[in-house]
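Here the structure comes first, spelled out in structure tokens, and everything after it is commentary.
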Amino acid sequence: LHSLRAGGKRETPVSDPRPFPGEGPLDLPGRPVPVATPGHTDGHTAFHLPHAGVLITGDALVTGHPTSRVRGPQLLPRMFDAHRERARESLSVLAELAADTLLPGHGPAHSGPARAAAQEAYEKA
């Protein structure tokens, strides 16, 4: 209820969306590689830092949420996804990335292979 009152379901469109400048790492510190993970939102993107074994999953894979009693790798509760099936499909994209530290949008950091975390989240979905 708190999330809804705070505007959690309010649509806030991006007024001038632009694609990333090209394939591969961005010219930013850490050289993050954008990874399309639609489902939570149409344009959701995770970021992979392959040299560091880190995956910033954002809301594509979380480890906890105030509205969920589940702990560990999971999808957000269904009401937060624009397209639930696409969110589930995006887990297979995350599973293919070489990372053993996951930094989610909600919940604590997760240590362990991205493949195992994505599989666990898929099974809970």
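Observations on the model:
- Intensity falloff of the chain expressed as log10 I(q)/I(0), Debye formula with alpha-carbon point scatterers, at q = 0.10 Å⁻¹: -0.30
- Most fluctuating residue given options ARG115, ARG69, ARG88, as computed from a GNM of the chain linking Cα atoms under 10 Å: ARG69
- Applying 1/(1 + (r/R0)^6) with r as the Cβ-Cβ distance of HIS2 and ALA36 and R0 = 41 angstrom yields a FRET efficiency of 0.85.
- Each 5 Å bin from zero up to the one holding the largest Cα-Cα distance in the range 54-119 carries the following percent of pairs: 4, 20, 33, 26, 14, 3.
- Most mobile listed residue (ASP27, ASP81, ASP100) in the chain, GNM with C-alpha springs under 10 Å: ASP27
Where a number appears in this text, it was derived from the coordinates with a stated rule and is not lab data. Fair warning: this is a prediction, and the values are worked out from it, not measured in the lab. With ideal geometry, Cβ positions are generated from the backbone for all residues, glycine too; neighbour counts draw on all protein chains shown.
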